[in-house]
Structure formats: structure tokens, C-alpha cells
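The values are calculated or read from the model by the stated rules, or taken from the named source; none is laboratory data. On a predicted model such as this, the values are computed, not experimentally measured, just so you know. With ideal geometry, Cβ positions are generated from the backbone for all residues, glycine too; neighbour counts draw on all protein chains shown. Ligands, DNA and RNA are excluded from the accessible area calculation, which covers all protein heavy atoms including side chains. Shrake-Rupley method; radii C 1.70, N 1.55, O 1.52, S 1.80 Å.
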Amino acid sequence: MADPADTPAPGALDTELLLKQARTYLAFCGQLRQFVERYQDSAPNQVDWGLALRQHFDQFRTAMGESAGEPGADPELARLWTLTLELWQQNAAALGIVAPDDEHADAWRAYRQAQSQYLDLLRQAAREALDLMEQRLSERATAGQLIDSLRELYNLWVDCNEKTYGRMLRSDQYSELSGRLFNTLLRCRPQGETVP
Amino acid sequence: MIGLTPERIVEELEAFNARLTRGIQTLSGVGEIEAGVSPREAVYREDKLILYRYRPRATEPHPVPLLIVYALVNRPYMMDLQEDRSMIRGLLDAGLDVYLIDWGYPDAGDRGLTLSDYIDRYITHCVDYLRDRHRQDSINLLGVCQGGALSLCFASLYPERIRNLVTMVTPVDFHTPDNLLTHLIRHVDVDLLVDTLGNLPGGLLNFAFLSLSPFRLAGQKYVDMMDILDDAEALKNFLRMEKWIFDSPDQAGEAFRQFAKDFFQQNKLVRGEVIIGDRRVDLHHVAMPVLNVYATQDHLVPPAASRALADCCGSQDYAELSFRGGHIGIYVSARAQREIPPAIADWLLGR
């Protein structure tokens with residue numbers, strides 16, 4: 001057996017992480033439930049599904065727009081798109097680099113600017129994912145394939161986001177920006193001072 | 001288009017909530033998750049390094065020992081994760097005498113460790129220990145991922161001490177167009193990073209890996225996990241993998257500085273320009289038999305990055321083994337257990 005001493009591993013699973021994902025998934029489902037309930041009394045041939053979906057996705061887009069923290073934003077729904085930024089912020093915080101004194105105010109501003117641009121890039125990928133999801137749903141409708149479970153819709157949503165996120169990730173713009181995000185954060189630490 | 005009804009949605013949400021509630025209880029009672037299952041003993045120690053020998057499963061194991069050099073990133077128990085998912089057990093079953101270097105967890109005191117320390121000192125001392133212990137002029141070396149790159153450097157600098165070299169999912173050309181890790185680190189100011197942070201925190205490496213596929217790795221995976229919360233065994237398997245993923249040692253600062261700049265950013269390994277200590281790593285000196293194992297769906301080390309070895313190593317006995325799977329699946333999938341260890345053992349035993 002392995003020596004326990006040589007594997008001082010982290011806890012098996014952060015239960016809070018699991019609950020966070022569950023809440024986010026439930027927020028996604030809650031949105032879809034509203035959508036379905038709105039059209040439940042309409043006969044299928046009376047509904048312009050393309051238009052209905054577009055209107056519904058606009059709500060998602062609004063939630064995305066609110067994800068910067070404006071009042072009224074649904075934080076769980078916003079997490080659907082800002083997960084990467086959240087992971088980044090957790091790691092940045094773990095480095096112990098905090099808002100600096102006046103001497104480093106410019107460095108902090110540069111970091112905040114890079115972070116804002118990073119969020120813009122994530123939002124752009126998310127918008128493209130919604131467009132792609134609309135397209136995929138339309139293709140399925142044309143092929144006569146119905147989606148009849150929340151999980152299936154969620155998985156489709158994940159696929160679409162991975163696709164557009166992956167495209168963004170491979171871009172030169174992302175490579176430059178993610179590097180700058182990291183570099184600007186590091187410059188916020190007073191010179192000559194290393195993390196203990 | 002969407003065949004959902006409000007009733008169906010309510011039903012699905014209720015089922016999800018019920019599973020979640022039960023699952024939290026299961027999780028709290030699942031106990032300690034252990035990884036690393038094959039019996040082994042520590043035979044050599046130096047600083048934080050421990051060299052393990054796995055208890056042979058053959059009555060008379062092969063006289064030439066096999067030393068596994070794992071990456072500095074993540075922990076080596078991935079090679080011996082659980083009873084039915086153990087690359088090491090497969091190698092033992094095939095009659096090999098298997099040793100593994102555990103690098104331990106670097107701390108602030110290790111910040112100054114260089115790649116020369118890892119290659120000229122640690123690997124050299126382990127290899128020499130095994131040559132002496134087994135009375136062999138040369139031994140077999142198996143390098144995994146980044147450990148494969150370190151093994152190539154070692155084999156280039158000390159070719160007479162290596163009888164056969166196996167590289168597994170090992171990057172050689174870091175500038176193939178599909179190399180996402182290089183893409184991510186290309187604009188990072190590595191000097192600023194190391195000068196500021198000292199060691200590279202393991203958490204940052206985790207972020208880099210998760211950020212390659214965040215919707216799946218940090219979202220969907222946990223939603224899917226709800227499906228196995230009632231199955232204690234499946235849950236333990238999942239948690240074992242989680243433990244490994246997040247068990248990321250910090251990277252010794254100076255070694256990381258050189259690896260990030262020379263290998264990732266400047267692609268010096270494939271060009272023969274890496275300097276270890278005061279010696280140049282020329283892959284043409286890797287003249288011993290080489291088996292290069294790669295995974296066709298590897299998103300971290302693309303096949304082309306590994307297969308570049310064919311054009312730059314000096315071996316006249318170079319072979320490739322292709323595995324249909326990804327960077328993690330090649331260690332832990334059921335098919336990998338059937339395919340990889342026997343193939344490596346066959347190749348080694350034939351030489």
C-alpha cells in the first residue's frame with residue numbers, strides 16, 4: 001500500500017463545489033421550466049419555436065450581461081458562463097495578491113482592465129454558444145428529433161459552449177490576453193517581494 | 001423541437017434533488033479515499049525524493065530493472081490507481097522488476113532546484129543505485145509525460161546507462177499547432193512569475209488544465225456525478241480520480257523556469273539546444289532502442305508532439321505504440337490495462 005505520509009492529498013471532494021454545480025444546473029433547469037410553462041397551453045403548430053427560442057435565449061443573454069454583478073443578476077445563472085473567470089479569481093486570490101497601495105495603483109488598474117477584457121471574451125464565446133445551440137435545435141427539429149429531458153438539453157448546452165469556448169481558447173487573442181492577465185496580476189506585487 | 005412538458009421537468013428536478021440529498025449522505029460516509037494499491041518498499045531516499053521498488057509478481061523477475069520517471073506535475077499514483085486500474089501491476093504481471101521515482105512535494109526550500117538537479121543528480125543517483133543493486137551496466141527507463149522529456153535528456157547525456165528507453169505521452173516538439181499548453185504559456189512572463197512566486201503553485205497548474213475544457217471539467221462532470229451517487233464503488237472510483245486531479249505539487253521555481261522557457265516557449269528540446277548543467281542535450285545521442293507510446297486523442301500532449309521523436313532521436317531501433325484514447329485514459333482505462341503494459345513488457349523482454 002502507499003505510505004500515507006507521501007500522499008498528503010487534498011480532501012476527496014469539496015462538497016461545496018458539488019453543491020455549487022448543482023445549484024447552477026438547477027438555475028439552468030429553472031430557466032427552461034419557465035420557457036416550457038409559457039407555451040404549455042399552445043398547440044405545437046401554433047408556436048413559432050424558432051422565435052420562441054430566440055426570445056428565450058435573449059433572457060440568457062441578459063443574464064450574461066448582468067454577470068458583472070449588477071443588481072438583479074441571477075448569480076447562479078451567470079455562473080454558467082463565468083466559471084472560468086471564477087476559477088481564475090479563486091487562484092489569483094490564493095496567490096495572496098490583493099488590491100495594492102497607491103504605489104501600485106496603475107498595476108492594479110492594468111490587471112482590472114485585463115480581467116474585464118477576459119470577461120468580455122468569455123461573454124462573446126457564450127453568445128456564440130447560444131447561437132450555435134439555436135442552430136443545433138433547429139437542425140434537430142428539421143430532422144424530427146425531439147429533446148425530451150432537461151439533462152439532454154444541458155448536455156447540448158455544454159457541447160455548444162465547449163465548441164465556441166474551444167475556438168476562443170485557440171485564438172491568438174486569448175493566448176495574448178490570458179498571458180497579460182497573469183502578468184498584470186504578478187506586477188501588482190511589490191518588486192522584490194515574493195509570496196511566502 | 002423540445003418535447004419537454006412542465007410535468008416532466010418537475011419530475012426530473014425532483015429526482016435530481018432527491019439524488020443530491022441522498023448523495024451528500026453517501027459522500028459523508030465514503031471515508032478516506034486511498035490510491036496506490038500495489039505493495040512496495042522505499043529503497044532509496046534523497047531530499048524529498050523516494051525511490052520505490054514494487055514487490056515483483058513473478059517468481060524470477062527480469063534481471064534488468066525498469067525505472068519509471070513520472071512527471072513533476074501531479075502525483076505518480078496515477079500509475080497504480082486501483083486494483084483494476086494499475087499500469088504498474090500490469091508491468092509486474094508481465095515479469096518486470098519495477099521501480100518508481102516519487103518526487104514528493106517541493107516546498108519553499110526547493111525553489112532553487114534546477115533541471116540539472118533533477119536530471120544530473122536525482123535521476124542519475126537512482127539509475128546508479130539500480131545499476132549497482134542489480135549488477136547491470138545499464139537499466140530500462142520509462143518516462144511518463146514531462147518525465148519522458150526528463151528521461152530523454154538523461155538518455156542523451158548518459159546513454160551508456162540506459163539499455164532501453166520507453167517514452168509515454170511525452171512531448172518532444174512543443175510547437176505543433178495543436179499544443180494548447182504552449183498556446184497558454186506563450187505570452188506568460190516566466191521570469192516575472194518565478195521571481196514573484198518562487199515555486200509555481202500547483203493550484204495554478206490545475207487552473208490551466210481546467211481552463212482547457214471548463215464546461216465539462218468544472219461543470220458537467222459534477223452534474224453527471226449525481227448519477228453515481230448511489231453507487232458507493234463507482235463513487236469511490238470517481239473520488240480517487242478527483243483526488244489525483246487536485247493533488248498537484250508545487251513546481252520548484254528554477255526547474256519550472258527552464259522547462260517553461262526552454263521547452264514550451266522556445267522549443268529547444270527538438271532543436272538540440274537545451275543545456276542541462278553545462279552540457280547540451282542532443283537527441284541524436286539517444287541511440288538505444290526506443291519505444292514511443294502516445295495517445296491518439298491526447299489533448300495535452302498531441303500525438304504530433306510525441307511522434308516528432310522519430311525524426312530527431314539517434315536510435316536505429318525506434319518503434320511507436322499508438323493507443324486510441326486520451327492523456328488520462330492511457331493510464332487508467334480498462335482497455336489501456338489490456339493493451340499497454342503487455343505491449344511495453346513484450347517490447348522490453350525482446351531486447
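Note down all Cβ pairs under 7 Å where the first residue falls in the range B:182-203 and is facing chain A (nearest Cβ under 7 Å), the second is among the aromatic types (Phe, Trp, Tyr), and they're at least six residues apart or on different chains.
B:Val188/A:Phe182
Which residues, taken from the range B:80-99, are over 20 Å from B:Leu130 (Cα atoms) and open to solvent by less than 10 Å² (accessible area, probe 1.4 Å)?
Listed by number, the residues that qualify are B:Asp80, B:Leu81, B:Ser86, B:Met87.
Can you name the residue in the range B:1-53 that is under 20 Å from B:Met78 (Cα atoms) and away from chain A (no Cβ under 11 Å) and is also most open to solvent (accessible area, probe 1.4 Å) among such residues?
Of everything passing the filter in the range B:1-53, B:Arg53 is most open to solvent (accessible area, probe 1.4 Å).
Out of the residues in the range A:133-153 that are open to solvent by 10 Å² or more (accessible area, probe 1.4 Å) and in contact with a Phe, Trp or Tyr (Cβ under 8 Å, 6 or more places away or on another chain), which is nearest to the other protein chains (Cβ to nearest Cβ)?
A:Ala141
Taking the range B:160-179 on its own, how many of its residues are modelled with pLDDT of 95 or more and at the interface with another protein chain (Cβ under 10 Å from one of its Cβ atoms)?
Of the residues in that region, 0 qualify.
So that you can scan it fast, the table gives a plain yes or no per residue for (1) touching a residue at least 40 places away in the same chain (Cβ under 8 Å); (2) farther than 24 Å from B:Lys221 by Cα; (3) more than 7 Å from every other protein chain (Cβ to nearest Cβ):
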position: A:Val158; (1), (2), (3): no, no, no
position: A:Lys163; (1), (2), (3): no, no, yes
position: A:Arg167; (1), (2), (3): yes, no, yes
position: A:Tyr174; (1), (2), (3): yes, yes, yes
position: A:Arg180; (1), (2), (3): yes, yes, no
position: A:Asn183; (1), (2), (3): no, yes, no
position: A:Leu186; (1), (2), (3): yes, yes, no
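Of the conditions (1) in contact with a strand residue (DSSP E or B) (Cβ under 6 Å, 6 or more places away or on another chain); (2) open to solvent by 60 Å² or more (accessible area, probe 1.4 Å), B:Pro289 clears all except one; give me its number.
Among (1) in contact with a strand residue (DSSP E or B) (Cβ under 6 Å, 6 or more places away or on another chain); (2) open to solvent by 60 Å² or more (accessible area, probe 1.4 Å), B:Pro289 violates only (2).
Across the range B:162-182, which residue is most open to solvent (accessible area, probe 1.4 Å) among those that are within 20 Å of B:Ala319 (Cα to Cα) and of a type outside the set (A, V, I, L, M, F, W, C)?
So, considering only residues that are within 20 Å of B:Ala319 (Cα to Cα) and of a type outside the set (A, V, I, L, M, F, W, C), the one most open to solvent (accessible area, probe 1.4 Å) is B:Arg163.
For A:Leu130, all conditions in the list (1) open to solvent by less than 60 Å² (accessible area, probe 1.4 Å); (2) within 30 Å of B:Arg8 (Cα to Cα); (3) at the interface with chain B (Cβ under 10 Å from one of its Cβ atoms) hold save one; what is the number of the exception?
The one condition A:Leu130 does not meet is (3).
Go through the residues of the range B:221-231 one by one and say whether even a single one is open to solvent by 20 Å² or more (accessible area, probe 1.4 Å) and in contact (Cβ under 8 Å) with a residue 60 or more places away in the chain.
yes
Quick check: is even one residue across the range B:243-253 within 25 Å of A:Ala94 (Cα to Cα), facing another protein chain (nearest Cβ under 10 Å) and more than 17 Å from the chain's Cα centre (by Cα)?
So far as the range B:243-253 goes, yes, one or more of its residues are within 25 Å of A:Ala94 (Cα to Cα), facing another protein chain (nearest Cβ under 10 Å) and more than 17 Å from the chain's Cα centre (by Cα).
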